[in-house]
1. Suppose we filter 182, 220, 201 for residues that are at pLDDT below 95, small (Gly, Ala, Ser), over 18 Å from the mean Cα position of the chain (by Cα) and over 30 Å from residue 268 (Cβ atoms); which single one remains?
2. For residue 274, all conditions in the list (1) under 22 Å from residue 148 (Cα atoms); (2) open to solvent by 20 Å² or more (accessible area, probe 1.4 Å); (3) assigned to a loop (DSSP other than H, G, I, E, B) hold save one; what is the number of the exception?
3. Can you pull out the helices (runs of 4 or more DSSP H) entirely within region 8-108 that have at least 3 residues that are open to solvent by 70 Å² or more (accessible area, probe 1.4 Å), within 28 Å of residue 134 (Cα to Cα) and modelled with pLDDT under 95?
Amino acid sequence: ATSEISEFEPQGLSNIARSFAFLEYSDMPMMSAIAQRSLCIMSEFDSQGLANIAWSLDLMSLLDQPLRDAISIQASQKIHSLGLQSQAILLDIDLPCREALHMKVASAVEELSSYLPRSLAAAELKRYEEAVIHLQIDNLGIAGASLLFQHMEIQKPSQSFLSETAFVMRAKQLEAGTILPGPTRFRIQCYAAYFLEAPYGPLAGHLFQENGMQEFSSIGLSRWLHAVVLPINSLVDRELCAEFQLLEALCDLLARHTALASCDETSRQLVKGLVELNVSSASCMSCIGAFRQFQLLWPGLRLKVHMLRRGASQKK
C-alpha cells in the first residue's frame, strides 16, 4: 500500500492518516509516505482535509517545518472559507499563521458565548444546541475551548492537582494496556478532585472516568444533565463522554451526601467548594454544555478544568 500512496488524492490521504492517528498506531513508512505525498498536493486539500492531515501528522510527530509552512500557507489563503472546526483544529498546532487563526476562532467564540445557557430551562439548552449546529462545530480544540471557558469563568486547576493527575492517568493507561505497541481503542480519561462544604459536613475525594460504556455505567438513567446532539458526528451518544459521566456521578454523590431529597435550587445553593478536573483531550461542545449545566445546578462550586492535547505541539 505504501508504494501506491503517490496515487492517492487528498481525501484518501487525510482519511488514512486520521485513522492511524486516531488509533495511535505508528506505521512510520506509511505515515511518512502520506506526509511526502501531502506536501506535494497541499493546495488541493479542502477545509476538513487540511485540518485532518495537519492534526494527524502532528500527533505522529511528522509535521516538520516544510509541512508546517505549506499547511500555514493554505490555511492563510483559505482562512475565510475554513469551517470553524477546521480553524480550531489548526489553531492547536504550532503554525506560522496561528495569530490569524486565533483571531477567527476568538471572534466565533465571542458569538457562541452569548448562547451559553443562562438557566436550566429546556429552551436555553435548545438555544445553545441550535447555535452549535449553526456553526457546524463538534469540538473547539484546546485553545478554542479554553477561550470559551474564560467566558464561563472556568479557571485552570492548581499545578499540584495536575501533577497528581498525570500520575493517575499514566497508571490507568498502563493498567488498560493503551501504552503498548499496536492499535488501541480511542480513550478519553477524566479525573476530578472535589473539596466541598455542605449542610451535612465537609466532603473531599476523587473521581475517575473513561469514555464509553463501562461495566457499572448508569447511562440511560441520566437525571441531572442533558447531552447535546452535535452536527458533524451526530450519531455519537454524548452521554458516553468521560466528562458527562463524571459530572453526572458527581451530582449524584453531592445529592446523597447532602441528603437533598428535593434537590431544589435553594438547597443546592448551600453547597460550596471547589471541583478540579483534568481531561485527556479537548472537551466536545456537548460536554462544554454539561459544564455549564453543572455550574447552574451548583452555583456555589468553583469549577476548574484543564485539557491535555495529544501530539507533538503539546511538547513544544
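1. Numbers: 220 fails: over 30 Å from residue 268 (Cβ atoms); 201 fails: over 30 Å from residue 268 (Cβ atoms).
Sole residue among the options that is at pLDDT below 95, small (Gly, Ala, Ser), over 18 Å from the mean Cα position of the chain (by Cα) and over 30 Å from residue 268 (Cβ atoms): 182.
2. Single failed check for residue 274: (3).
3. 10-22
The values are calculated or read from the model by the stated rules, or taken from the named source; none is laboratory data. Model, not experiment: these values are computed from the prediction. Note: ideal-geometry Cβ built from the backbone for every residue, glycine included; neighbour counts use all protein chains shown. The accessibility values were calculated without ligands, DNA or RNA, using every heavy atom of the protein model including side chains. Shrake-Rupley method; radii C 1.70, N 1.55, O 1.52, S 1.80 Å.
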